[in-house]
Amino acid sequence: MVTIFDVADYFRSRVDYEAGDNITPLKLQKLCYYAQAWHATWNQGERLFEEDFEHWEHGPANYTLYDKYRDYKWQPIDPSDLVDFNPAETFTLQQLESLGEVWEAYGDYTAKRLENLTHQEDPWLNTASNETITVESMVEYYSQLTED
C-alpha cells in the first residue's frame, strides 16, 4: 500500500529545483492532505494512504510526516534523497491521476496560502484541536465543491 511518505516524495519530485523552486514541510503537509482528501472524494471514499491527519494550529498535519522533516522547520527540504524515486513504480494510474490533479490545483500555492485555505474549510474547522480529521469529513466537504 502507498504511504504518506510515497505521496510526499511524489510532490517533492514535482518541484522544479533547477528553476529555484522549493518545498517546505508546511507546504508538503498541506499537499499530502489535499491528495488524501481529493483522492477519497473522487474514488468513493477510497483512501490514498492509511496515515491520518490531525487538526493542528497551522492546519491539517500528520505527525509521522512532521517528524521526518521537523529539522527543516520553515526551511526548504533538501531534494538530494529523491535521486531514484519513480512515481510510475509506486502508484497506480488512478492514484497518479489524483496526485497530478492536486499538484496542478495547489502546487503553485505558497505554504501560507495552503494553510489559509485549510483554515476556511469544514474538515479542519469542525475538528477539535489535536483530533483526527476523518476521511469521511473530507469526502463530505469536498464532494460539495465538485457539485458547484
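Quick notes on this one:
- Dipole magnitude (debye, nearest 20) for the chain, charges at Cβ of Lys, Arg, Asp, Glu: 380 debye
- Other residues lying with their Cβ under 14 Å from the Cβ of Glu54 contribute a combined charge of -4, Lys and Arg counting +1, Asp and Glu -1.
- Calculated from backbone phi, Karplus (6.51, -1.76, 1.60) coupling profile of segment 74-90 in Hz, x at Gly/Pro: 9, 8, x, 7, 5, x, 4, 8, 9, 3, 9, 6, 10, x, 5, 8, 9
- Segment 4-147 shape via C-alpha gyration tensor axes, a/c threshold 1.5: oblate
- Per-residue Karplus couplings for segment 129-139, computed as 6.51 cos²θ - 1.76 cosθ + 1.60 with θ equal to phi - 60°, are listed in order as 3, 6, 8, 6, 7, 6, 5, 4, 5, 5, 4 Hz, Gly and Pro entered as x.
- Restricting segment 30-107 to chymotrypsin sites (Phe, Trp or Tyr not before Pro) in coil, as DSSP defines it, with at most 12 other Cβ within 10 Å: Trp74
- Straight-distance crosslink candidates among lysines, where the alpha carbon sits under 17 Å from Lys68 and sequence neighbours closer than 8 are dropped: Lys27, Lys30
- Segment 70-148: GluC sites (Glu not before Pro) falling in loop per DSSP and having at most 14 other Cβ within 10 Å: Glu131
- Reported to the nearest whole Å, the Cα centre-to-centre distance from segment 71-104 to segment 129-148 is 23.
- At most 16 other Cβ within 10 Å, DSSP loop - trypsin sites (Lys or Arg not before Pro), segment 8-59: Arg47
Where a number appears in this text, it was derived from the coordinates with a stated rule and is not lab data. Since we're looking at a predicted model, the values are computed, not measured. As a convention, Cβ positions derive from the backbone with ideal geometry for all residues, glycine included, and neighbour counts pool all protein chains shown.
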